[in-house]
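Engineer: The following block contains the structure, expressed as structure tokens.
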Amino acid sequence: MISIRRLHKRFQVSDGVVAAIKSLDLEIAEGELFVIVGASGSGKTTLLRCIAGLETPDHGEIRIADKVVSSDHPPTWIPPQQRKLGMVFQSYAVWPHLTVSQNIALPLAEGSQKIPRKEVAARVKEALHLVQLEEQADRPATLLSGGQQQRVALARAIAVSSRLLLMDELRHPRSSRGDGDRG
């Protein structure tokens, strides 16, 4: 499902250049659960952002379902909204002014992943059920615990029927450790 060849990504920093990804080759089969583990700063998030189209690699090729979404030869770039991916960010990206249901419904009602309005409520209800947040549906997102906010972000990614879910630094809901070094 994901094929990566010769992927390079560097960042300019005050004292030079940092290579976040150096000539990475990777194959992930359809239906495979793949986990990347590494130290903080080792390039895990950068890799996910390159796959999602939120970062532009310097070199290499990324294919999703046999379709080239990023390449330097020939130059190819498919924008994030056309890659049909769901991403749960490290920060969860939960909109604080919306309820749980509204957070999940927003990409279904607006933008490139929009579905017919009459289908939105059913899709939200199904996603809430999958992440066991039905009873918090009308609660403001800011009144949820960190683990619950993470499940809202997961429900939002599931609700849009993504062909691929990218999840950055998921934490076990019972974990009290919050240092971010669990890859």
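The values are calculated or read from the model by the stated rules, or taken from the named source; none is laboratory data. In this text the structure is predicted, and so the values were computed from the model without any measurement. When we count neighbours, we look across all protein chains shown, and the Cβ atoms used for this are built from the backbone with ideal geometry, even at glycine.
Engineer: State all residues of segment 162-172 that are in contact with a strand residue (DSSP E or B) (Cβ under 6 Å, 6 or more places away or on another chain) and either in a strand (DSSP E or B) or more than 17 Å from LEU108 (Cβ to Cβ) (or both); if no residue qualifies, say none.
Structural biologist: LEU164, LEU165, LEU166, MET167, listed by residue number.
Engineer: Which of the residues belonging to segment 53-74 are surrounded by 20 or more Cβ atoms within 10 Å (Cβ to Cβ) and either assigned to a loop (DSSP other than H, G, I, E, B) or in contact (Cβ under 8 Å) with a residue 24 or more places away in the chain (or both)?
Structural biologist: GLY53, PRO57, GLY60, ILE62, ILE64
Engineer: Then there is this: State which residue is modelled with the lowest pLDDT when the search covers only segment 138-150 and only residues that are assigned to a loop (DSSP other than H, G, I, E, B) and either exposed (fewer than 15 other Cβ atoms within 10 Å of the Cβ) or outside the structural domain of GLY111 (by TED's automatic domain parsing) (or both).
Structural biologist: SER145
Engineer: Then there's this: Identify, from the list ALA159, ALA153, ALA127, the residue that is surrounded by 13 or more Cβ atoms within 10 Å (Cβ to Cβ), under 28 Å from ILE62 (Cβ atoms), at pLDDT 90 or above and in contact with a strand residue (DSSP E or B) (Cβ under 8 Å, 6 or more places away or on another chain).
Structural biologist: ALA153
Engineer: Restricting attention to segment 16-27, does a residue exist that is at pLDDT below 95, surrounded by fewer than 15 Cβ atoms within 10 Å (Cβ to Cβ) and not in a strand (DSSP E or B)?
Structural biologist: No, that holds for no residue.
Engineer: Could you tell me how many of the residues in segment 82-104 are small (Gly, Ala, Ser) and farther than 16 Å from GLN150 by Cβ?
Structural biologist: Residues flagged as small (Gly, Ala, Ser) and farther than 16 Å from GLN150 by Cβ within segment 82-104 amount to 1.
Engineer: When the residues of segment 75-119 are narrowed to those that are within 14 Å of the chain's Cα centre (by Cα) and among the charged types (D, E, K, R), which ends up surrounded by the most Cβ atoms within 10 Å (Cβ to Cβ)?
Structural biologist: Within segment 75-119, the match that is surrounded by the most Cβ atoms within 10 Å (Cβ to Cβ) is ARG83.
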